[in-house]
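The values are calculated or read from the model by the stated rules, or taken from the named source; none is laboratory data. Source: prediction; values computed, not measured. FYI the Cβ positions are ideal-geometry reconstructions off the backbone, even for glycines, and counts take in every protein chain you see. Side chains are part of the model used for accessible areas, which takes the heavy atoms of the whole protein and leaves out ligands, DNA and RNA. Shrake-Rupley method; radii C 1.70, N 1.55, O 1.52, S 1.80 Å.
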Amino acid sequence: MSALLDVILPVFLLIGFGYVAARAKLFSESAVDGVMRYAQSFALPVLLFKNVATLDLSTAFAPGLLISFYTGAAVCYAFGFCVARFGFGRPLTDAVAIGFACTFSNSLLLGVPITERAYGTEALAGNFAIISIHAPLIYTFGIVFMEWARSREAETRSHADLARQVLRGMFTQPLVIGLMIGFAVNLTGVPQPGFFTAAIDMMARSGLPAALFGLGGVLLRYHPEGDKALIAMVCFASLLLHPAIAYGLGRFVFNLDVNGLRSVTVTSAMAPGVNAYMFASMYGVGKRISATAVLVATGLSIFTSWGWLHILP
């Protein structure tokens, strides 16, 4: 019970504050958009820069940790795609978007604060190792797969157009830019003056609270609608199947250390992030299912996260 009260509920209460403020019209839609733009385009990229710039790359990027997480992600993508396509007869492009929702864990906004509150900042190295390639890898896979699906359903795009779309999707994201700059500083060893790191620290500390509060306002827009069975399937893949695979591989195959096992399990156990809806919206397919799955799975993750924290050492 203490894990629920002390670790998980504070994170979701902050989301709830944003939801209630937006619902009560105390916080307008434009204000929510402004907070999320600040968080996602400025504060969170700075947070990622700060942590990646000082990350011990030799220990954080354990192959077993990354294989455990991304094997689970790949299985969930295939599971979601096949169920949507062959089980429910959804169009090819819809199935790609639904598979994307099954695999894109909210690793930053939920995974980091829950891991930090449960196990301390020293347990976050594995989280940031996963996050550092999460968006580039999943978005690249999703975009390539979606463009393939669209070429099957309509006219075929050239390989050059597909490459441009993938690169544009990857390298115009502020989070990816923050990660790349952080890697550059880490690998080159460029010294960071004290006044610079002080400013970075202040901005980085504001990122997660602002994003969680704004996320509550964003969730208000997601009305529960769509195919209930497919939404339940997305929630099952995100909250149970992905962490079960990651935990099993991390513990019994790769024998990860305690912090690595905690990072990979908690990160994979998070609900689909807003990026799942943004991806569906970008292509105009599977939007209702993705939006509703984000909303429902975020609520359910209060209890499933509690369960996974009890299983972990």
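Please give me the summed charge of the neighbours of Ser28: other residues whose Cβ is under 15 Å from its Cβ, Lys and Arg +1, Asp and Glu -1.
Overall, the nearby charge balance is +2.
Counting pairs of alpha carbon atoms under 8 Å apart in space and at least six apart in sequence, what relative contact order in percent does the chain give?
For the chain, the relative contact order is 35 percent.
Which is the longest part of the chain that has none of the trypsin sites (Lys or Arg not before Pro) sitting in a DSSP loop with at most 16 other Cβ atoms within 10 Å?
Free of exposed loop sites, the longest segment is 26-156.
Using 0.36 nm per residue of separation minus the Cα-Cα distance, give me the extension gain between Asp257 and Val190 in nm, one decimal.
Result: 21.1 nm gained on full extension.
List the lysines whose alpha-carbon lies under 26 Å from that of Lys25, not counting same-chain residues fewer than 8 positions away?
In chain and number order, the partners are Lys287.
Would you calculate the separation in nanometres between label points at Glu122 and Asp6, each defined as 7 Å from the Cα along the Cα-to-beta-carbon direction?
Between Glu122 and Asp6, the simple spin-label model gives 1.6 nm.
Rounded, prolate or oblate, given the Cα gyration tensor of segment 31-122, with a/c below 1.5 counting as rounded?
Oblate is the answer for segment 31-122, as a/c is 1.5 or above yet b/c matches or exceeds a/b.
Leaving out ligands and nucleic acids, note down the accessible area per residue over the chain with a 1.4 angstrom probe, in whole Å².
With the other protein chains kept in place, the chain gives 43 Å² per residue.
Helix check for the chain. Which DSSP H runs span at least 30 Å along their own axis by Cα, with a mean Kyte-Doolittle hydropathy no less than 1.0?
Qualifying helices, which must be both long enough and hydrophobic enough, are 194-219.
Using a Förster distance of 35 Å, how high is the FRET efficiency between Met202 and Val144, based on the Cβ-Cβ distance and rounded to 0.05?
So, using R0 = 35 Å, E works out to roughly 0.35.
If a/c stays under 1.5 just call it rounded; otherwise compare a/b with b/c (prolate if a/b is bigger, oblate if not). Do that for segment 25-71, with a ≥ b ≥ c from the square roots of the Cα gyration tensor eigenvalues.
oblate
On the protein heavy atoms, probe 1.4 angstrom, tell me the percent of accessible surface of segment 92-152 carried by carbon and sulfur.
58 percent
Which shape class, rounded, prolate or oblate, goes with segment 187-291 when its Cα gyration tensor gives a ≥ b ≥ c as root eigenvalues, a/c under 1.5 marks rounded, and past that a/b bigger than b/c marks prolate?
Cα axes put segment 187-291 in the oblate bin.
Set the Förster radius R0 to 45 Å, insert the Cβ-Cβ distance between Phe61 and Ala24 as r into 1/(1 + (r/R0)^6), and round the FRET efficiency to 0.05.
That gives a FRET efficiency of 0.50.
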